[in-house]
Each structure stands twice: as structure tokens, then as C-alpha cells.
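Just below is one structure, and these are the notes that go with it.
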Amino acid sequence: MRNKNILITGGAGFIGSHVVRLFVEKYPEYHIFNLDALTYAGNLENLKDIENHKNYTFIKADITHEDVINDLFIKYKFDSVIHLAAESHVDRSIKDPLAFVKTNVIGTMNLLNAFKNCWNNDFSNKLFYHVSTDEVYGTLGETGLFTETTSYDPNSPYSASKASSDHFVRAYGETYNMPYVITNCSNNYGQNQFPEKLIPLFINNIINNKPLPVYGDGNYTRDWLYVIDHAIAIDLVFHKGKNHDTYNIGGFNEWKNIDLVKLLCKQMDIELNREEGTSEKLITYVKDRPGHDLRYAIDASKIKNELGWEPSVTFEQGLEKTIKWFLNNENWLNNVTSGQYKSYYEKQYN
Ligand code: NAD
Ligand code: DAU
């Protein structure tokens with residue numbers, strides 16, 4: 001059996017928690033180590049249902065701490081890494097770029113070095129899986145799609161830090177023959193997403209009758225994917241992806257922000273038994289995000305043709321599941337929006 005001690009970083013975050021759950025439940029023969037620093041974005045509540053599984057261990061650690069990371073590799077001999085830990089929010093990267101360099105670049109370097117040193121260049125049956133973003137490709141105009149060969153052209157400190165980490169992973173593959181795969185995915189949405197990102201932030205504001213701050217004219221386009229479909233894609237690439245290769249993952253699902261927000265408002269009115277049009281009245285156009293990328297759209301035909309992956313739900317279905325989850329998990333939402341969140345919100349939007 002291959003890859004038994006799997007280190008998943010950032011497993012207490014949004015996407016990571018879905019990946020951890022999928023692996024813990026689907027592969028009882030693997031041991032899953034979830035390493036997370038529990039920053040504002042990490043929340044062990046996301047994994048309450050699996051925390052006592054025999055094949056699961058949580059490690060609170062920071063990937064920027066080189067010695068700690070080295071010691072953990074020596075102790076547990078992780079034969080595979082699925083690396084998701086990151087600072088992930090573009091708006092925060094505009095206010096504090098260095099934090100993104102520390103975690104996303106230095107943190108990734110620490111993992112690469114620890115992995116390399118642990119196996120002393122004997123990498124048979126080992127894998128370093130780096131989870132990245134479509135934002136590394138920069139922005140598209142009105143037409144065209146990002147493919148795996150699109151040149152990197154990042155525009156935000158967040159995407160520049162992710163691009164840098166992708167380059168290091170690739171460089172370790174070429175230089176030290178370290179086995180790796182990289183996936184570049186589009187915008188995720190779904191349960192447990194921290195309400196700083198568009199969809200959960202707007203759901204929370206609609207619940208609380210607060211303004212919905214649409215940046216600029218709202219004519220920015222993103223390609224949305226339900227988070228569980230991303231986790232399924234990661235499972236597939238982890239087991240069947242080609243060594244030293246890259247796969248784009250996307251939802252075949254482009255929406256202009258303003259159209260998405262209107263659809264969300266409509267579905268929220270239904271779920272909250274409010275008169276149609278109530279939530280739309282909360283839409284407020286605000287100052288644009290600096291360096292705002294106009295459009296992202298993924299050509300996901302490689303992963304579809306080579307590995308048979310496709311999104312399993314439509315956007316309307318995924319959005320409905322997401323809204324229902326947030327409405328049924330008010331405690332989760334209240335917990336994460338108390339404390340620090342309030343001062344973040346005031347600084348960002350007032
Ligand atoms: P998230 O912000 O919800 O979670 C990040 C997790 O990483 C948190 O649990 C946090 O505690 C942990 N973390 C942060 N800094 C750390 C450190 N120094 N040491 C250890 N742990 C640390 O992020 P997400 O949206 O789940 O994204 C996960 C990964 O997927 C990121 O690498 C991101 O770039 C990538 N990605 C995200 C999206 C998206 O739409 N959210 C799309 C494509 C790719
Ligand atoms: O494309 C993948 C990326 O998607 C991931 O790598 C990032 O980690 C993730 O945060 C996401 O980045 P975006 O910047 O696209 O997501 P965000 O939810 O912040 O914004 C989506 C769009 O909505 C974007 O055009 C900005 C806009 N927006 C966002 C917020 C938070 C608003 O108009 N108002 C807002 O308040």
C-alpha cells in the first residue's frame with residue numbers, strides 16, 4: 001500500500017477540512033496528520049465529526065517554524081504531503097503582504113526542505129502535492145480560458161506569493177527529482193468558508209440586514225466550484241495524477257459578481273421567507289479592490305479527459321446547500337464573526 005502517513009497542512013481551514021474528512025473517512029488504512037497553526041481562518045469545529053477517528057491526528061504547528069517542521073518530519077516520517085496551509089484572502093494581502101510571503105513562500109520552502117531532508121533524496125512512493133490557485137495566471141479579458149500552459153502573471157501580493165511557492169515546488173522537482181503535483185483551482189464556495197470571502201460574507205450580511213459591499217461596478221467575473229468537488233479532484237490527482245505535472249480545476253461556471261449576488265439574494269429571500277427583492281435592496285457599490293483582476297476562467301479539460309473528473313453539482317444546487325448550511329449553523333457563524341472579525345470588518349469596509 002502506498003502513502004500511508006499523509007501530512008495535510010491547513011486542514012482546519014475551509015478547503016483543507018473537506019480534504020481531511022474525505023481522506024480520513026475514505027482511507028482507513030492511511031494515517032492523516034492535520035497540521036494547522038489555527039490562525040483566524042483555522043477552526044477545529046470544522047472537523048468535530050471526525051476528530052476521534054483512529055486514523056486521524058491533529059498537530060498544532062506553524063509552517064514558518066523551520067525547526068518544528070523538521071522535527072515533525074523526523075518523528076512521523078510523512079511519506080506524502082498535501083499542502084493547503086496559506087494566507088488565502090486577497091484583501092488581507094493588500095494590507096499586509098509580508099504575512100503572505102512568510103506563510104505562503106517561506107512556509108512552503110520549510111515543508112519542501114523538511115520533506116527532502118527526511119527522505120534523503122530517496123523518493124520512491126512519495127509525493128508532495130501543492131494546492132494552488134488560478135490567480136497565479138493573472139487576469140483574462142472578456143474571452144479566453146486559463147490552461148495549464150498559460151504564463152504566470154500574478155497581480156496581487158496573494159497571487160504573487162502563491163506563484164512563488166508554485167515555482168519553488170516545480171524547481172525542487174527539477175533540481176532534486178522530488179515527486180510533486182500542483183493543482184490550480186478556481187474560486188471555491190460551500191460550508192465552513194470563512195465569511196471574509198464574497199459568498200459567506202454576503203450570506204452573513206443578508207441574515208443581519210447589513211449592506212452588501214460590491215466592489216467597483218460588480219462586472220468582475222469568477223469561475224465558481226463547490227468545495228466538495230475540489231476535495232474529490234484532489235483525491236483523484238493525489239492517487240492518479242502524473243508526477244511532475246499540473247492540473248487546472250474549475251467549475252465550468254463563470255459568473256459576473258453582480259449576477260451572482262442577485263442570484264444569492266433571490267435564494268436567500270426564499271430560504272428566509274422574505275418578500276422577493278428584499279435582499280437585493282442591500283446591494284451597495286463600494287470602492288474597488290486595488291489591482292482587481294477582471295476575469296478568471298479555467299479550462300478544466302485536462303483533468304476531465306485524463307482523470308475523468310467533473311463537478312458533481314450545478315451552481316444553483318451547490319449554492320442552495322451552502323445557504324442552508326449557514327442558516328442551520330448559526331453558532332458556527334456567530335463564533336467566527338465575534339472578536340477579531342469585527343475589527344477586520346470595520347477596517348476593510350468602513
Ligand atoms: P483558509 O484561509 O480557509 O484556510 C487556511 C488554513 O491554513 C487555516 O486553517 C489556517 O489556520 C492555516 N494556516 C495559515 N497560516 C498557517 C501557518 N503559517 N502554518 C500552519 N497553518 C496555517 O484557506 P482556503 O480557502 O481553505 O484555501 C486553502 C488552500 O487552497 C490555500 O493554499 C489557497 O491558496 C488554495 N486555494 C483556495 C481557493 C479558494 O477559493 N478558497 C481556490 C484555489 C486555491
Ligand atoms: O480564484 C481562486 C481564489 O479565489 C483563491 O485563490 C483565493 O484564496 C480566494 O479568496 C478567491 O479569491 P477572490 O479574490 O476571487 O475571492 P473573494 O471572495 O475575495 O472575491 C470574489 C469576487 O468578489 C472578487 O471579484 C472581489 C469581489 N468582492 C469580494 C468581497 C470580499 C466584492 O465585490 N465584495 C467583497 O466584499
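Every number here is computed from the coordinates shown, using simple stated rules; none is lab data. Quick caveat: nothing in here was measured; it's all calculated off a predicted structure. We place every Cβ from the backbone using ideal geometry, glycine too, and count neighbours over all the protein chains shown.
In plain terms, the residue of 180, 349 with the fewest other Cβ atoms within 10 Å comes first and the most crowded comes last, giving 349, 180. Summarising the amide proton neighbourhood of residue 178: residues at separation of 5 or more, or on other chains, whose placed amide H is nearer than 5 Å comprise 173. Here the dipole of segment 23-140 is about 200 debye; that uses its Cα centre as origin and unit charges on the Cβ of Lys and Arg (positive) and Asp and Glu (negative). In summary, the aspartates and glutamates within cross-link reach of residue 240, defined as a Cα separation below 14 angstrom excluding same-chain residues under 8 places away, comprise 306. Charging the Cβ of each Asp and Glu at -1 and of each Lys and Arg at +1, and nothing else, the dipole of the chain about its Cα centre rounds to 520 debye. Across the alpha-carbon atoms of the chain, the computed radius of gyration and Dmax are 19.7, 64 angstrom.
Measuring between alpha carbons in the structure, the pairs from 75/126; 242/302; 77/302 lying more than 22 angstrom apart are 77/302. Counted by neighbouring Cβ atoms within 10 Å, the residues 261, 313 run from fewest to most as 313, 261.
Dipole of the chain computed with +1 at Lys/Arg Cβ and -1 at Asp/Glu Cβ about the Cα centre; of 144, 300, 85, farthest Cα towards the positive end is 85.
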